[in-house]
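A.B. asks: Quick one: the structure is below, questions incoming.
Coordinate-derived values only; no laboratory data. Remember, predicted model here, so these are calculated numbers, not experimental data. Here the Cβ positions follow ideal geometry from the backbone for every residue, glycine too, while neighbour counts run over all protein chains shown.
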Amino acid sequence: MTVASRRSPLLIAAGASFVLIWLVLAAFPFAWTLWGSFKVQGDFFSKADWTYALKGVRTLAETGSAFTGAGYEGAWIQQGFWRASLNTIIVVVFTVIISLIFGTLGGYALARSGFRYAFWLLMAALVFRAMPHVTLVSGYLLPFFQWNLWGHLPTSIIVLVAINQPFTLWMLHSFFLNIPRDLDESAMVDGCTRFQAFRRVIIPVMWPGVITTGLFSFLLAYNDFAVTALLLSQENQTMVPKIASFMGSTQVEGNVMFAVAAVVSATAPLFLLIVFFQRQIVGGLMTGAVKG
Amino acid sequence: MPHSTFLRFILPSLAAMLIFIAAPIVSVIVQSLHVEHAQVLKEAETCDPFSGCKKTTTVDVAATAKLRAQEPLGRFNGLGTYLDRAHLASAEVAQAWAASTSVGEFGSRLMSLPFYQAMAFTLTYTFVVTPFVIVLGMLIALVINGLPAIFKGPTIFVSLLPMIVTPLIGSMVLFWMIDARGIIGSSLQTLTGDPNLSLKASPILTWVTLIIYGVWHSAPFAFITFYAGLQSVSTDTLEAAMIDGASRWERLRYVVIPHMAPLVVFVMLIQLMDNFRVFEPIVGFSAAANASSLSYNIYNDLAKASPSYGSAAATSMLTVLGVAVLLIPVLVRTWRDFNSRRVS
């Protein structure tokens with residue numbers, strides 16, 4: 001006998017319609033913006049009739065076809081969005097790699113140390129996790145200006161790594177707790193040092209946890225606005241602050257479409273991320289959240 | 001693990017956190033006690049034979065710039081910045097208290113002060129969005145968990161979208177839709193029959209919009225956590241409850257919900273921390289005129305052409321205090337759990 005066996009049709013109908021409404025709420029804004037990004041501003045923000053955005057009446061009149069890549073061309077080439085996306089790639093890749101190296105070492109130590117200070121460190125990390133990022137940024141700016149660290153990509157990378165550490169430590173700590181102690185301890189009985197045991201025994205089995213944690217580090221670095229907007233100079237800007245800077249120029253006809261196109265471009269990698277890693281994201285929360 | 005090995009393993013992570021999280025907090029404290037140097041004034045006497053001598057005061061731009069470059073921290077101001085009009089506004093609050101005849105009047109006077117306005121929005125946002133996120137996330141999780149297996153993958157995929165999208169981008173996408181010329185904005189105008197209806201114009205509607213955005217953005221996080229939790233509900237217990245004649249509602253109430261309680265606490269904790277720092281939606285929705293949060297005020301102080309570090313730092317300190325108040329119950333609880341575990 002399964003649990004689902006005694007469902008009334010009414011309940012099924014209610015559940016199905018609830019899910020449908022939720023799915024529309026979750027997906028429609030993205031679908032609409034993707035579709036609209038290939039139109040001109042007169043259609044996407046239509047004064048006359050919202051169906052213009054669907055049919056592309058003005059796009060047809062202005063460009064001769066129902067779809068136009070003008071927004072993308074404007075954003076990527078004219079406004080130099082390619083440069084911002086390169087910067088984003090650099091920041092995100094290095095942030096993820098360094099966060100994971102620091103985090104696996106630290107998380108492993110926290111999982112294997114039985115002393116009281118390990119608990120206090122985790123508590124401190126929880127408090128650090130709660131700090132609004134922008135409050136920390138207000139502490140960085142003056143010293144960074146004085147030491148000439150402001151504006152460079154490496155500065156933002158190391159700041160994002162540090163901001164990421166509390167979460168990474170918690171996640172990997174609870175992941176390493178699930179790896180039996182016997183595994184590395186038997187290696188040490190066989191004569192390995194702690195570090196050798198870590199390298200030869202733990203590293204080969206830790207990848208599922210590392211991949212999940214890496215995904216969340218990626219999201220944090222990719223989605224960040226407070227740090228990158230305030231710590232990077234104009235030419236080192238990453239995608240999100242760059243998109244925010246498009247907003248200032250919405251009065252000019254066409255520029256808002258640059259922002260729409262840039263938004264779609266910046267969201268595409270995130271879509272791919274869940275297409276490929278949905279199982280890890282869900283699974284990671286299962287181990288990380290349920291235990292931690 | 002011996003102390004020395006522990007230290008060697010944790011050192012990179014610990015150093016990063018100490019230098020870039022703990023030290024900036026100290027730097028914020030120091031900054032909040034200082035204020036930018038005032039402009040240097042110089043007095044010049046100009047004499048001409050007809051009208052006699054006149055003293056004029058002008059701003060010495062070069063000297064001001066030099067002084068500010070030499071001491072970027074500014075001059076010591078004690079708690080002055082904390083008490084000024086843009087922060088706790090002690091003088092204004094006292095005045096408002098004396099002038100008001102009722103609590104409501106005092107409240108509305110308080111709302112005209114930037115710090116209290118930001119505080120009001122931040123707290124409203126945090127304590128409205130968090131429960132809605134938990135309830136909505138739980139409903140979605142329960143319903144999707146009951147779906148046939150083939151539908152689960154695609155529905156989870158779509159449900160994750162609002163969560164993983166960059167907050168600034170997600171809010172901009174919705175902002176364009178609620179624009180008077182966007183699809184939701186113009187539909188609302190048709191529905192209400194008010195061609196001038198604008199979600200951006202009134203403070204109440206702006207707050208509602210931001211809160212709806214917040215629920216939309218965070219519900220998937222609650223959903224996915226609860227969904228993960230539902231996978232570990234023991235089917236044996238559920239079946240035993242069914243055999244004992246428990247209805248669907250009773251099984252939910254007495255088996256599933258108690259199993260999920262720790263997860264609800266977890267989601268609540270994360271949501272309180274994240275919603276308290278609400279900031280990107282205000283930028284994305286260009287809502288600063290009607291709603292500003294503590295984090296937004298800090299950002300605004302730092303992003304302007306001549307940043308006010310002292311003011312930003314004071315707001316930061318007050319924000320950190322707020323976070324501490326939010327966290328104390330959690331920390332006390334964890335501490336008790338930890339101690340009881342040690343004893344047993």
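A.B. asks: Report, ordered by chain and residue number, the lysines lying within cross-link reach of B:K66, taken as a straight Cα distance under 21 Å and ignoring same-chain residues fewer than 8 apart.
C.D. replies: Leaving aside lysines fewer than 8 places away in the same chain, those within reach of B:K66 are B:K42, B:K304.
A.B. asks: Continuing with this model, one more query. Sort A:131-137, A:270-276 by packing, meaning the average of other beta carbons within 10 Å per residue, with the highest value first. Could you put the intermediate results ahead of the total?
C.D. replies: Details: A:131-137: 24.7, A:270-276: 15.1.
My ranking of the peptides, most packed first, is A:131-137, A:270-276.
A.B. asks: Next question, about the same structure. Using square roots of five times the C-alpha gyration tensor eigenvalues, list the equivalent-ellipsoid semi-axes of chain B in whole Å, biggest first. Walk me through the numbers before you get to the answer.
C.D. replies: Values: eigenvalues 489, 176, 80 Å².
Values for chain B, descending: 49, 30, 20 Å.
A.B. asks: So, with +1 on the Cβ of K and R and -1 on the Cβ of D and E, and no other charges, what is the size of the charge dipole of the stretch B:172-317 about its Cα centre, to the nearest 20 debye?
C.D. replies: Magnitude of the dipole: close to 320 debye.
A.B. asks: Here's another thing I want to ask about it. What angle, in degrees between 0 and 90 and rounded to the nearest 10, separates the Cα long axis of helix B:309-343 from the longest principal axis of the Cα atoms of chain B?
C.D. replies: 30 degrees
A.B. asks: Another question, then. Over its Cα atoms, what ratio of radius of gyration to 2.2 N^0.38 Å does chain A give?
C.D. replies: Working: Rg = 24.2 Å, N = 292, 2.2 N^0.38 = 19.0 Å.
Expressed relative to 2.2 N^0.38 Å, the Cα Rg reads 1.27.
A.B. asks: Between the helical axis of B:61-70 and the dominant principal axis of chain B, each derived from Cα atoms, what acute angle in degrees is found, rounded to the nearest 10?
C.D. replies: That helix lies at roughly 50 degrees to the long axis.
A.B. asks: Could I ask something else about it? Counting only other chains, what is the mean number of Cβ atoms within 10 angstrom of the Cβ of each residue in peptide B:229-239?
C.D. replies: Values: counts 4, 0, 4, 2, 1, 0, 2, 0, 0, 2, 3.
Going residue by residue through B:229-239 and averaging, the value is 2.
A.B. asks: Okay, next question. Would you mind checking the radius of gyration and Dmax of the stretch B:292-344 based on alpha-carbon positions, in Å?
C.D. replies: When restricted to Cα atoms, the stretch B:292-344 yields Rg and Dmax of 17.6, 59 Å.
A.B. asks: If every alpha-carbon in the stretch A:3-73 counts as one equal scatterer, what log10 I(q)/I(0) does Debye give at q = 0.22 1/Å?
C.D. replies: One equal scatterer on each Cα of the stretch A:3-73 leads to -0.89.
A.B. asks: When the label point is put 7 Å from the Cα of B:T56 along its Cα-to-beta-carbon vector, which residues of the stretch B:21-50 have a backbone N closer than 19 Å?
C.D. replies: B:40-50
A.B. asks: Given the DSSP H assignment, sum -39500 (n - 2.57) over each helix run of at least 4 residues in chain B and divide by its residue total; what's the result at 222 nm in deg cm²/dmol, nearest 500? It would help to have the intermediate numbers written out before the result.
C.D. replies: Values: 17 runs with 238 residues, N = 344.
That comes out to -22500 deg cm²/dmol.
A.B. asks: Take B:V255, A:V92 and order them by how many other Cβ atoms sit within 10 Å, fewest up front.
C.D. replies: B:V255, A:V92
A.B. asks: Is there a quick way to get the dipole size of the stretch A:80-291? I mean about its Cα centre, with the Cβ of Lys and Arg at +1 and of Asp and Glu at -1; what is the value in debye to the nearest 20? Mind dumping the intermediate values first?
C.D. replies: Working: 11 positive and 7 negative charges, 73 e Å.
The dipole magnitude comes to about 360 debye.
A.B. asks: Tell me which of A:W50, A:M188, A:G107 sits at the most positive position along the dipole axis of the protein assembly as shown, charges placed on C-beta atoms (Lys, Arg +1; Asp, Glu -1).
C.D. replies: Going by the charge dipole, the pick is A:M188.
A.B. asks: Let me ask something else about it. Test of understanding: extend the Cα→C-beta vector of B:E45 to 7 Å, then name every residue of the stretch B:59-85 with backbone N under 17 Å from that spot.
C.D. replies: none
A.B. asks: Then there's this: What distance in nm separates the two pseudo spin-label positions at B:V103 and B:A38, each 7 Å out from Cα along the beta-carbon direction?
C.D. replies: If labels sit at B:V103 and B:A38, their model points lie 4.1 nm apart.
A.B. asks: Could you size up the charge dipole of chain B around its Cα centre, putting +1 on the beta carbon of Lys and Arg and -1 on that of Asp and Glu, and report it in debye to the nearest 20?
C.D. replies: Working: 21 positive and 19 negative charges, 102 e Å.
Using only the charged Cβ atoms, the result is roughly 480 debye.
A.B. asks: Leaving out same-chain residues fewer than 8 places away, which aspartates and glutamates sit with a Cα under 15 Å from that of B:K55?
C.D. replies: List returned: B:E43, B:E45.
A.B. asks: Along the Cα→Cβ direction, 7 angstrom out, place labels at A:A14 and B:F127. What is the inter-label distance in nm?
C.D. replies: Computed distance between label sites A:A14 and B:F127 equals 3.1 nm.
A.B. asks: Which value at 222 nm does chain A reach when only helices count, each DSSP H run of 4 or more adding -39,500 (n - 2.57), with the total divided by all residues and rounded to the nearest 500 deg cm²/dmol?
C.D. replies: On the way: 15 runs with 216 residues, N = 292.
Computed ellipticity for chain A at 222 nm equals -24000 deg cm²/dmol.
A.B. asks: Quote the relative contact order of the stretch B:114-336 in percent (integer), defining contacts as alpha-carbon pairs under 8 Å separated by 6+ residues. Don't skip to the end; give the middle numbers.
C.D. replies: Working: 219 pairs, mean separation 69.3, N = 223.
Computed over the stretch B:114-336, the figure is 31 percent.
A.B. asks: Ignoring solvent entirely, what values of log10 I(q)/I(0) come out of the Debye formula for the stretch B:181-296 at 0.15 Å⁻¹ when each Cα is a single scatterer?
C.D. replies: -0.80
A.B. asks: Using the beta-carbon distance between B:E250 and B:S306 and R0 = 51 Å, what value does 1/(1 + (r/R0)^6) give for FRET efficiency, to the nearest 0.05?
C.D. replies: Numbers: r = 64 Å, r/R0 = 1.26.
That gives a FRET efficiency of 0.20.
A.B. asks: Let me ask something else. So for the protein assembly as shown, what percent of the C-alpha to C-alpha distances run longer than 42 Å?
C.D. replies: When all Cα pairs of the protein assembly as shown are counted, 32 percent exceed 42 Å.
A.B. asks: Once both axes come from the Cα atoms, what is the angle between helix A:133-146 and the longest principal axis of chain A, in degrees from 0 to 90, rounded to 10?
C.D. replies: With rounding to tens, the tilt is 90 degrees.
A.B. asks: Here's another thing I want to ask about it. For the stretch B:1-79, what percent of Cα pairs sit more than 20 Å apart? List each step's numbers first, then the result.
C.D. replies: Values: 1949 of 3081 pairs.
Roughly 63 percent, rounded to a whole number.
A.B. asks: Summarise the long-distance tail of P(r) for the stretch B:93-227 by giving the % of C-alpha pairs beyond 26 Å. Let's see the in-between values first.
C.D. replies: Values: 4029 of 9045 pairs.
Beyond 26 Å sits 45 percent of the P(r) for the stretch B:93-227.
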